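Below: the structure, in structure tokens.
The values are calculated or read from the model by the stated rules, or taken from the named source; none is laboratory data. Just so it is clear, the model here is predicted, and its values are computed rather than measured. Here the Cβ positions follow ideal geometry from the backbone for every residue, glycine too, while neighbour counts run over all protein chains shown. The protein model used for the area step is the full one, side chains on, heavy atoms only, and it has no ligands, DNA or RNA in it. Shrake-Rupley method; radii C 1.70, N 1.55, O 1.52, S 1.80 Å.
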Amino acid sequence: MTKLVFLHGFLGHPQEFEFLKSLEKNFDCVSLDLNQGSSFSLKAQAEYVKNKLDQLGIHKAHFWGYSMGGRVCLELYKKFPEICLSLTLESVSLGLVDKNERNERVKKDSEWAELTTKNPKLFLEKWYDQDIFASFKKQKNFPIYISLRKKTLSSLHAQMIVEASPGANADHFDLINNIKVPVLALVGQFDDKYLQIWGKLIDKYPQIAIEIIKNSGHVIHIENPTGAVNAFKKMMMEK
């Protein structure tokens, strides 16, 4: 059976894709844990994923990445295109080009990292107070996810947010033009920031299928997993 590999975002965990896996029964689904290793640049994480897949005997797969996990998917294709059958990018940015924006993002992520170390509880409160998580916080299971994050938050996340920062890694705008496999971008209906980001890219990258998932914000796979899976199935039918 064809493999579908899920890659979680910053602060995430493989367990959060379990419901998606139950909905998508046409694939052998695998969720990898990115909270491992000693280096967390996108390049290092892509190499980690490739090594894990080699250990599992997986030589080709469809990839679904959320947020940071989606940027790892793009880096994985950049380094190992032969293993990618398709890319599903959930709430993913293609990075930053402007030097000032990159420097500002590095500075901001360094401040997040410092707060993560000094006051983990306050960090989580402030992190999820960001506008992009407004609809996620309204989910009835939100306390469960926060409880899990409190248990798993560690100094590695402080390192990860700095090393995986969009300001510290190459952007993927040029890469998109050279991707030879189907690419699906999922954007939540209530995620104003990413609606704006991808709204500017629709005409520029017509080869990307962009689906706006209703009744969801930034964390689509939790807020509306059925809508996300239906968009994925549509891509599989059309490719």
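Quick one: length gained pulling Lys25 to Lys140 fully straight, 0.36 nm per residue minus the C-alpha distance?
On the way: separation 115, 0.36 × 115 = 41.40 nm, distance 2.56 nm.
Length gained, Lys25 through Lys140: 38.8 nm.
Sorted by mean Cβ packing within 10 Å, highest first, what order do the peptides 61-72, 115-126 take?
My ranking of the peptides, most packed first, is 61-72, 115-126.
Between the alpha-carbon centers of the range 87-143 and the range 184-239, tell me the distance in whole angstrom.
Using only Cα atoms to place each centre, the spacing works out to 20 Å.
Which order do Arg149, Arg105 take by accessible area at a 1.4 Å probe, largest first?
Arg105, Arg149
Please work out the Cα convex hull volume for the range 1-95 and give it in Å³ per residue. Intermediate values should be presented prior to the final figure.
Details: hull volume 8.6 nm³, N = 95.
Convex hull of Cα atoms, per residue: 91 Å³.
For Leu201, enumerate residues with amide H under 5 Å from its amide H, sequence gap 5+ or separate chain, H modeled in the peptide plane.
none
With every protein chain present, what is the per residue accessible area of the chain (1.4 Å probe, Å²)?
48 Å²
Once you've got the Cα coordinates, tell me which of Lys21/Lys60; Lys52/Lys233; Lys150/Lys204 are over 30 Å apart.
Lys150/Lys204
What lysines sit close enough to Lys200 to cross-link, taking a C-alpha to C-alpha distance under 22 Å and skipping anything fewer than 8 places away on the same chain?
Of all the lysines, those that pass the test against Lys200 - Cα under 22 Å, at least 8 places apart if same chain - are Lys99, Lys180, Lys214.
Counting only protein heavy atoms, what percent of the accessible surface of the chain is carbon or sulfur at a 1.4 Å probe?
Looking at the chain in its full context, I get 50 percent from C and S.
Using Stokes-Einstein with the Kirkwood hydrodynamic radius over Cα pairs, what translational diffusion coefficient do you get for the range 95-239 at 25 °C and a viscosity of 0.890 mPa s, in µm²/s rounded to a whole number?
In µm²/s, the coefficient is 143.
To the nearest 0.05, how large is the calculated FRET efficiency for Leu156 and Glu101 if R₀ is 25 Å and r is the Cβ-Cβ distance?
0.45
Let me see the P(r) profile for the range 106-172: every Cα-Cα distance counted, bins of 10 Å, each bin given as a percent of all pairs.
Answer for the range 106-172: a P(r) of 20, 47, 29, 4 percent.
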